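**Q** Please see the structure below; I have some questions.
What follows draws every value from the coordinates through simple rules; no lab data is involved. Since the model is a prediction, treat every value here as computed from it, not as a measurement. Every residue, glycine as well, gets a Cβ built from its backbone with ideal geometry; the counts of neighbours run over all protein chains shown.
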Amino acid sequence: MDFTTGDLKALFGAFAERMATERDRLCALDGVIGDADHGIAMEHGMKAAAEAAQAAEGTLQDIFNAAAKGFLNAVGASSGPLYATALLRAGKAAGPRASMPTGELRTIIAAMRDGIAQRGKAEPGQKTMLDAWGPAADAAVNGHNADAIAAAARRGTEATRDMIATVGRAARLGERSLGHPDPGSVSAAMLVEEICKAMKIA
């Protein structure tokens, strides 16, 4: 099965819907170790990305690029540049074509991880969104199925409970950040789940 530009626009719609649904939960998580605004940032960012994707014409890469710009314009906080870079990398991986084999969504997950790692200068184990994107990308690159990729992201998120934040706003808390999952990794696992659903549907 192929993943088309229409499917990609639908995926961004699913991202936006999921972030709107989970906004309050994400804000509550962020209230413990951050500024309590992560859910709002992700809701606004993905809404803007989805609207930009919907309005875009052209190739898979064109749609990803439009979504990246939309997200960045909507979110000035740290997640703005990170997800914009991730989406630009995803666009490069998807390429200037109208569709791609659905299995290649694995390369999109890996590309997003690479973009976030490059822009954020973070590594897995620092209690960031990379702790969800990293395991998901590793599972994807190793050819695992959609369920296993989503499970890897959730496990990565759960592991952040036992980490002390060393980068980002939560780093100010030091050991007080222990015992709480990183909100960025929680939202990242949700996005991975939506990509994995698209892998299974198409």
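**Q** Packing-wise, with mean Cβ within 10 Å as the measure, how do 108-116, 162-170 rank, highest first?
**A** Result, highest mean Cβ count within 10 Å first: 108-116, 162-170.
**Q** Further, regarding this structure: Tell me which residues come under 5 Å, amide H to amide H, from Phe3 once H is placed; ignore anything under 5 positions away on its chain.
**A** It is Met100, Thr102, by chain and number.
**Q** Still on this structure, I have one more. Note the angle between two axes, namely the Cα long axis of helix 105-120 and the longest principal axis of the Cα atoms of the chain, as a number of degrees from 0 to 90, rounded to the nearest 10.
**A** The two axes meet at around 50 degrees.
**Q** How do 85-91, 171-177 rank on mean C-beta neighbours within 10 Å, highest first?
**A** Highest mean packing first, the order is 85-91, 171-177.
**Q** Show which aspartates and glutamates lie in cross-link reach of Lys197 when reach means a straight Cα distance below 15 angstrom and same-chain residues fewer than eight apart are skipped.
**A** Partners within reach: Asp2, Asp7, Glu17, Glu104, Asp147.
**Q** Dipole magnitude of the chain about its Cα centre, charges +1 at Lys/Arg Cβ and -1 at Asp/Glu Cβ only, in debye to the nearest 20?
**A** It comes to approximately 280 debye.
**Q** Another question about this same structure. Can you match Cα extents along the principal axes in Å to one of these, (i) 48, 34, 28; (ii) 52, 30, 30; (iii) 60, 45, 34, based on a calculation from the structure here?
**A** Among (i) 48, 34, 28; (ii) 52, 30, 30; (iii) 60, 45, 34, the one calculated here is (i).
**Q** A follow-up question, please. Cut-off under 16 Å on the C-alpha distance; same-chain residues fewer than 8 positions from Lys92 excluded. Which lysines are left, in chain and number order?
**A** Lys92 reaches Lys69.
**Q** Can you give the net charge of the other residues whose Cβ lies under 14 Å from the Cβ of Ala153, counting K and R as +1 and D and E as -1?
**A** With Lys, Arg at +1 and Asp, Glu at -1, the net is -1.
**Q** Sticking with this structure for a sec: Would you kindly give the portion of the calculated P(r) for the range 1-112 that falls above 19 Å, as a percent of all Cα pairs?
**A** I get 42 percent for the Cα pairs in the range 1-112 exceeding 19 Å.
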